[in-house]
Structure formats: C-alpha cells, structure tokens
Amino acid sequence: MVSISLIIPVYNVENYLVQCLNSVIHQTIPFDEVIIVNDGSLDHSLEICEKYVSTYKYFKLICQENRGLSSARNRGIYEASGDYVMFLDSDDYLRLDTVKILKDKLQKIQYDAIFFDANICCDDFMLNNETNAYDRSLAGLDGIVMDGGEYFARCYPENYIVSVGMAIYRVQLIKEKNILFPEGLYYEDNYFTFVFLEYAKSVIHISEKLHCRRYRTGSITLSEYSEKKLIDQIQIGLLIWEEILERKDSLSLKSKELLLNYVSDYYCMILGRYIHCKTSYISLSETLKIDINILAEHYNLLLNILQLEKVKNSLFLFNKVLANICYTNLYLIKKSDENKTLCQNIVDKQRQIYHSLLKKIPLNIPGYKVGIYGTGIHTKGFLMIYEKLFGKITCDLFFVDSYKAKDYFWGRKLINYKEIDSSTDLIILSSFLYEQEMLDNINSLANKISVYRFYDDIEKDIFSGYETFLQYW
C-alpha cells in the first residue's frame, strides 16, 4: 500500500494546534509519517509539538529559525519519505477518515494528485456567512481522470482553487521536477499549484470535504492587504508567466487561449489593486512602481507569445484584454504606437464578430414587434453596439422585465413578462446570468413566443464590457 507523509508547518498557533494534531492522531487509518516543522514559534507551540512527538513514533519534529511558510513546507518535502505528501496548516484540521478515503482511492491507480474539497470553520461570528469557495462538488469534476492541463482547463476560473491543503501529491514528481514553494513571498500556493499541474499526467478530484479550513482574524488569509502583498503577487505572477513562456512552443491554440485568459485575469487583478492605491492617494514605493511596469511589459509580451491575433471568437476575452491595455496606458506607461496598433486590431476583429452575430437580429424591420428581455448593462451594451453597426432601430421595440411593469427604458415602453401578448414577433433574451430564468418565464406563458438567445453556444458575457470597445471604435 502507498505511504502518505503529512507536513505541518507551525508558527505561533498554540490556540489551534491541539485540535489540528488531534485530527491527525485520531485518523481511522494513521498517516505513515507526520513531519512537523516548527518555524521559530515564540509561544507554547513547540512544547505542544514535543508532547505529540514523544508519544507518537510516526511523528517527526524539525525546528528552524523563522523563515516563513514556504521554507517550512520545502523543508518538509525534503524530509518526506512517503510516496505522497500532504500539507496541513496548523490552524486547520482534517476529517477523521481522510487517510482511509485517500488510500482506498490509490489502491488501483496511483495518481500524480488527488484533489478534494473543504469546509470552512469560522472563529469570528462575523465571518460565518462566508460562501464556501472550497466546494467543487457541483463542478462536474468528480471521478474523472485527466492530466494537469485538462484539470486546469475544466476548473478555471470558477473552480480553480490553489490551496495546497486540499490535495495529496506524488513526491517523486515534486522532487524530479523540483517543484518547490517560492520562499519569502505570499501567495506561494498559486505558483506551486500551477507548476505541479504543468507536469502532472494523471489527477483526479473527489467530492469529499476532507479538510476544514479555518477563517480567523489575524491569519495570513484574512490579514490586511499591504504593499508587500501586492509586490509579492506581482513576483508570483512573473514566476508563473516565466513557466508559460518556457513551454510556449508546445502549447495548442486552445491552451494558449485559456492561458491568455488566465494571464489577463491575473493582470487585471494586479491593475485593480494598483489603481486603487493610486486613486486613494496611497504612497507607493519605487520598488512597486518598477515591479508593476515590469509586469506590464511581460503582459504585452505574452499577448504576442500566446497569439492573441489567432483567437477567433472570444469577445469576452477581447474586451478583457482591451480594458487591461487601456488601464495600462492610463495609469502606468505612456501610450505607445505598438499598444495603439494592438488595440485597433482587437477592435477591428471585435467589430467583425459583432456584425456577424447581430446582423440576423430583426431590429430594423419596420412594424416588426420585438421585445428585449433585460434592462441592465448587458442590454445597454447590446443596443449601443447594434446602433453603431446598423443605425437607429426601426422595429416596434419594447422592453421586458421579470418584476417591473408599466415603466420606460431607453425611451421605450417596459412591461412585465406576463403581459407579453401573441402579437409579439420575437423576444430577445438579453442577459448572460439570467438567460435560463428568462427562458423559463417565457415558456411558462400561454402564448408560444419566438425567442432569440445569445448564450445557446456562447459561454461568456459578450456585451457587458462594451464601454472600452466603443471607446476605441
């Protein structure tokens, strides 16, 4: 049977450590090895660890000066003798049948990794309403064997969780590929998870909540955001982007599009936090200003390396990239001819796609009675782009809402969906999030009305990011 080594970094967690270690010793099947790395604790954590180590022979205690979580985990990996390694933060704890479930799963196939889910445990009652972001049970991943790239593609973005405590990893792969945590940086899990999935040939997800993730005031997860964290996020991003650049020649076009989306999301997150600091008049160091510009340069490089020009139909992605370049020009570096050309190329391609998509919608047939179901930003984007492409709308247009009635929108009559009558020629469903709900409402009516859907075969919102696109028109 395969062996599992558990690595527990410890630093000043005396109030939580006993619960953590008790969840380990009370497993229905024990771990083969438990490596506790005391990272220079200043409270009574070391004394607690020593008591467990003296009682349980499969426990091993390593003491080091405080060098951070990544260093402690890396030391644990170096010392691990098991076939698999698992990480447990010392303020979290495990379900008592965790080892049994994992070993049962490994009896027939020894995967490179098994991913599982977690519950949230909140010390502070103010945090008790936190949505469980560690539950992937409805993602359709359960029991499917795949390589790391496919797992990333199936998970990202909604179900991509980087927390390394929610998996076991094959030690041989980690050591062969030298997959370690970047030391001295926050967000080390982002790097480790991404790189491990690069090399993994067989992974599986099981919809079991084996890990209890503690939310507590003062933890790394919930501690106040700082310039140090922003700099570290930039550094982690650059490390991940270097990994992408190294394997650019082996990537399929589909993988490049996925990674372009991932890189753009990451860059957008960094820009958002940087812009928040700038607009809030928060003093920023020269180091951060240098780092953010390096990231901007790498982003432009990746847009070319990942072949943005070959992306064919992703309006959502084009809008995202366009907004990123726009904010880069506004807040970071002077507008360049290269960026201006890239923006214009994106807009030209978007215009072609929008024209192909919207030309079949009959909003320019006089006397044709059309209702647009939805009055949000999606509808505003749809109408503004349509009128840019095809001119003023000439059909008999009205708007529909699920709740409102007897109102006006865009200078036209707004009615409740229950008031739609048989004289209506077409209802256009104008929402990405609520399209199915809208369709159900229309289908519940006594009169059968023809319906047009944007998202029957399109997977992302194509209109809500319209403002930057129209700005470059």
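The values are calculated or read from the model by the stated rules, or taken from the named source; none is laboratory data. In this text the structure is predicted, and so the values were computed from the model without any measurement. Neighbour counts are summed over all protein chains in view; Cβ atoms, including those assigned to glycine, are modelled from backbone coordinates with ideal geometry. Note: accessible area is taken over every heavy atom of the protein model, side chains too, but ligands, DNA and RNA are not part of it. Shrake-Rupley method; radii C 1.70, N 1.55, O 1.52, S 1.80 Å.
Worth pointing out:
- Any hit, the stretch 259-275, residues being over 26 Å from L138 (Cα atoms) and not in a helix (DSSP H, G or I): no
- Taking every residue in the stretch 283-295 that is farther than 14 Å from R273 by Cβ and pairing it with any residue that is among the acidic types (D, E) and open to solvent by less than 70 Å² (accessible area, probe 1.4 Å), at least 6 positions away or on another chain, the pairs with Cβ-Cβ distances below 7 Å are S285/E227.
- Verdict on V37 being modelled with pLDDT of 95 or more and either under 26 Å from N190 (Cα atoms) or under 29 Å from the mean Cα position of the chain (by Cα) (or both): yes
- Scanning the stretch 440-473 for residues that are more than 18 Å from I385 (Cα to Cα), open to solvent by 50 Å² or more (accessible area, probe 1.4 Å) and of a type outside the set (S, T, Y) returns D440, N443, A446, N447, K448, D456, D457, E459.
- V171 vs. criteria out of contact with any helix residue (DSSP H, G or I) (no Cβ under 9 Å at 6 or more places or on another chain) and modelled with pLDDT of 95 or more: no
- Residue match in the stretch 273-290 (condition: within 25 Å of L259 (Cβ to Cβ), exposed (fewer than 14 other Cβ atoms within 10 Å of the Cβ) and over 27 Å from the mean Cα position of the chain (by Cα)): no
- Residue match in the stretch 138-146 (condition: under 28 Å from M1 (Cα atoms), charged (D, E, K, R) and in a loop (DSSP other than H, G, I, E, B)): no
- Candidates are the residues of the stretch 194-214 that are open to solvent by 20 Å² or more (accessible area, probe 1.4 Å) and assigned to a strand (DSSP E or B); the one that is farthest from K108 (Cα to Cα) is R213.
- Only residues that are farther than 21 Å from P30 by Cβ, open to solvent by 40 Å² or more (accessible area, probe 1.4 Å) and in a loop (DSSP other than H, G, I, E, B) were counted in the stretch 83-123, giving 3.
- Unique match (being open to solvent by less than 70 Å² (accessible area, probe 1.4 Å), within 19 Å of the chain's Cα centre (by Cα) and free of Cβ contacts under 8 Å to residues at least 40 places away in the same chain) among G140, G148: G140
- Checked against the criterion of being at pLDDT 95 or above and more than 34 Å from the chain's Cα centre (by Cα), the stretch 344-355 contains not a single residue that satisfies it.
- Subset of the stretch 52-73 (residues that are open to solvent by 20 Å² or more (accessible area, probe 1.4 Å) and under 15 Å from F192 (Cα atoms)): L69
- Inspection of the stretch 37-48 finds a residue satisfying the criterion of being crowded, with 21+ Cβ neighbours inside 10 Å and among the hydroxyl-bearing types (S, T, Y).
Condition check ((1) part of a helix (DSSP H, G or I); (2) under 15 Å from the mean Cα position of the chain (by Cα); (3) free of Cβ contacts under 8 Å to residues at least 60 places away in the same chain; (4) surrounded by 18 or more Cβ atoms within 10 Å (Cβ to Cβ)) across all residues:
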position: F152; (1), (2), (3), (4): yes, yes, no, yes
position: P157; (1), (2), (3), (4): no, yes, no, no
position: V162; (1), (2), (3), (4): no, yes, yes, no
position: G165; (1), (2), (3), (4): yes, no, no, yes
position: I168; (1), (2), (3), (4): no, no, no, yes
position: K175; (1), (2), (3), (4): yes, no, no, no
position: I179; (1), (2), (3), (4): no, no, yes, yes
position: L185; (1), (2), (3), (4): no, no, no, yes
position: D189; (1), (2), (3), (4): yes, yes, yes, yes
